[in-house]
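Have a look at the structure below, then the notes.
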Amino acid sequence: RGGLSEVVKCLLDAKAPPTKNHEGHYPLHLAFQNGGSAFALIPMLRQDMQERGLLGEVECDREGSVKTPLELGIENGKLTREQLVQVAPTTPVSLRTFLRVEPICVPAFLLRLKAENCSIPPEQLVEFVTVADVCTCLRECSDSVCALLDGLLSEPLVENPGWHPLPMRLSFAPRSRLEVVRNIFNPPRFNLCTYQREKTWAFDAVAFHAPAWHAEWTQKEHPILDVGIKVCHMPEIVCADVFHELCHAEGDVFGHPLVRSMVNLVWWQGACKVDIMQLFLTMVGLILMVVDQGNIFGDATEDGEARRLVHLTNTTDGGPLGLDVAPAQKIPYRAALFIGARGVVDLVHEGLQFAGCVRLGRAKDYLTMGNCWDVFRAVLAIRFYCQQDEDDTIQVFLILISWFRLLEMSFSEYYMKELLPITMLAKGLAPSTIVCCVAVCAFTHARWAMFDSPLWPDIFYDTFALLITAGIPAENDTWILLFSYIAVSCFTVFFLNIFISVISENYAAEKGAAAVSFERKKYGLCYTFLIRALMLPGRLMSTPAMIFWTCASVVVQCFMLAASEFSAPASASLCGLVFAQGLMLLCCYQDPAESWSRPGPDDPRPPRYLWVFQIWTKETPSTEDRIQSVISEAFAELDELHKKLVEQGFVGDSEASED
């Protein structure tokens, strides 16, 4: 008692047996729990318990009420992080404890393991670390996850290095026509990846045959570059849980090869298809709205007017909208069918995302402004189809939404890195916008007091024209002219310039962070894709079948839109368009290569492992390395100069030996 090292050492020298207290704690537990002066006792107590064969029982991770000494040390907070790392047992159990309770200690603990030659092999590490632990580390301390991911990677075991060695150079040429198109809109890739059901570089020496997937990585098309091949030993690491944490991660985790491989796998094998399909549907909807609008407001000839009326009303159920359309009706009818069908499909799409969040126990994650906006525009599209009056408000909103929806395209990295700094400007404009709005309100209120006119629209319009266009009104009243001069001067010289300066500064900041913003957006899209994919069958079609049914869906939509001009009921056309668009999106969620889809609970096949093919790049030396190099070169030059002085006789041998 008292924590005196002399007393404890005396008891240990006397071979006093350690005993448990009523809580089941040994003296080692109390040393971790109390910290302070007891910190120095931990090595002695651990050595004594190891000699007695009790250390494994005390420090093992048992399922029970008694916590390990390390857990008590973290929980009570009497030891610093450096002390915890210093006295933690060099076992996988300690690493798991740090991951679940104190993730910030993980990098230092892994460095200690490496310094003491106690590094944990990835094959052993995955027996103690799960995907949930990786997610916890990402959530609590994303800076620590890089060290953990490095520990999960290693070179694969080569079964037959003589006949089938691991390749050291790989072709980075496009492997399909789709990749050729992709390389036009995106920079060259510096890492490749594949998701396979084995973690060894296998080879059948009897049949002299390698697995079929090896052929893709042994082709000889240029460019061929030096690579390092590693495999992640954690099975099924590509999942929605990991991507959920990556969406909120910070630090250097985005540049880790394993993280880049995961996002590239999900993005290019699945999420990108949905992005391109949504862009295609948006463009078709806009084209139909433009064409129909041109037909309605085309040449005002009697024949043309009669033909348009036939198009609008010659159906069995009162028109393609299911309504008795008046001659003055201005609703683009084919666009209304197509956009209404898309609204239904988008609403189902959002329902799948919500159901996926509920399945993962994250229903609250769906309640975001972005998802609410997606639901709103889907409902607005359906309302556009059901519109019965001549009000153009919904149509105008849909036109604006459709055009701005083109900016959501994400498959081109070149395009997005230029666009994201512009679209992200709104985040930093709130304070300056509030200041400008206060100034506008102040000037508007003052003008309202000067003139006997309604606030809306007269006073508001006059004030807006005065401040934005700097148009001085033609007034003879000196007071009104003086007020106008002051208002224009303050707004254009002060408020407007401040607003422009803030925009410039925010744009420069967002431009510098464009790469990180783009990666974070891709993580979010991949997470949404995986959430929706949980609720859809992903292995219904092969790749040729996906292409066939996508083309067939396009043909069906063209037929339905053409039939809507004649005698096809609007409800039948709408159902056909909904089915075709839904089938197109279902094709985007197919995973015939099993690159990202989640395995079923009863799947008897082996788990999948992520393989990473990283280009070898010459590492930039750190500042310490450069300083050390300069010092070493300086000492080498001094030694050479000293030898020359000795040879010339300027320095004697005795002096040289003393030096």
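At a glance:
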item: Some residue of the stretch 451-466 being in a helix (DSSP H, G or I) and in contact with a Gly (Cβ under 7 Å, 6 or more places away or on another chain); result: yes
item: Residue count for the stretch 615-648, restricted to those that are at pLDDT below 55 and either loosely packed, with under 11 Cβ neighbours inside 10 Å or on the phi > 0 side of the Ramachandran plot (or both); result: 4
item: Only one of L400, L407 that is modelled with pLDDT of 90 or more, in a helix (DSSP H, G or I) and farther than 19 Å from V345 by Cα; result: L400
item: Failed criterion for R182 (all others in (1) buried (at least 16 other Cβ atoms within 10 Å of the Cβ); (2) in a loop (DSSP other than H, G, I, E, B); (3) of a type outside the set (S, T, N, Q) hold); result: (2)
item: Residue in the stretch 414-429 that is nearest to A509 (Cα to Cα), counting only those that are among the aliphatic types (A, V, I, L, M) and open to solvent by 50 Å² or more (accessible area, probe 1.4 Å); result: I422
item: All positions within the stretch 13-24 that are open to solvent by less than 70 Å² (accessible area, probe 1.4 Å) and not small (G, A, S); result: P18, N21
item: Residue within the stretch 649-659 that is surrounded by 10 or more Cβ atoms within 10 Å (Cβ to Cβ) and at pLDDT 75 or above present; result: no
item: Helices (runs of 4 or more DSSP H) wholly inside the stretch 483-566 that include at least 2 residues being open to solvent by 70 Å² or more (accessible area, probe 1.4 Å); result: 496-512, 543-563
item: Residues within the stretch 112-143 that are open to solvent by 60 Å² or more (accessible area, probe 1.4 Å), touching a helix residue (DSSP H, G or I) at 6+ places or on another chain (Cβ under 9 Å), without any contact (Cβ under 8 Å) to a residue 60 or more places away in the chain and assigned to a helix (DSSP H, G or I), tallied; result: 2
item: Residue match in the stretch 291-298 (condition: closer than 19 Å to L407 by Cα, part of a helix (DSSP H, G or I) and open to solvent by 30 Å² or more (accessible area, probe 1.4 Å)); result: no
item: Of all residues in the stretch 567-614 being of a type in the set (D, E) and closer than 20 Å to M546 by Cβ, the one that is surrounded by the fewest Cβ atoms within 10 Å (Cβ to Cβ); result: E594
item: Filtered residues of the stretch 63-89 (kept if more than 13 Å from F32 (Cα to Cα) and open to solvent by less than 50 Å² (accessible area, probe 1.4 Å)); result: V66
item: Scope the stretch 27-52; condition modelled with pLDDT of 75 or more and within 46 Å of the chain's Cα centre (by Cα); matching residues; result: L28, H29, L30, A31, F32, Q33, N34, I42, P43, R46
item: Any hit, the stretch 445-460, residues being of a type in the set (V, I, T) and either closer than 30 Å to W596 by Cα or surrounded by fewer than 13 Cβ atoms within 10 Å (Cβ to Cβ) (or both); result: no
item: Some residue of the stretch 248-267 being on the phi > 0 side of the Ramachandran plot and modelled with pLDDT under 85; result: yes
item: Positions within the stretch 225-239 being at negative phi and open to solvent by 30 Å² or more (accessible area, probe 1.4 Å), in sequence order; result: L225, D226, K230, P235
item: Count of the stretch 486-510 residues which are more than 25 Å from A465 (Cα to Cα) and either among the acidic types (D, E) or in contact (Cβ under 8 Å) with a residue 24 or more places away in the chain (or both); result: 5
item: Residues being touching a residue at least 24 places away in the same chain (Cβ under 8 Å) and loosely packed, with under 12 Cβ neighbours inside 10 Å - total across the stretch 25-51; result: 1
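The values are calculated or read from the model by the stated rules, or taken from the named source; none is laboratory data. Predicted model only: the values in this text are computed from it and were never measured. Virtual Cβ from ideal backbone geometry, glycine too; neighbours counted across all protein chains shown. These area figures cover heavy atoms from the full protein model, side chains too; ligands, DNA and RNA do not enter into them. Shrake-Rupley method; radii C 1.70, N 1.55, O 1.52, S 1.80 Å.
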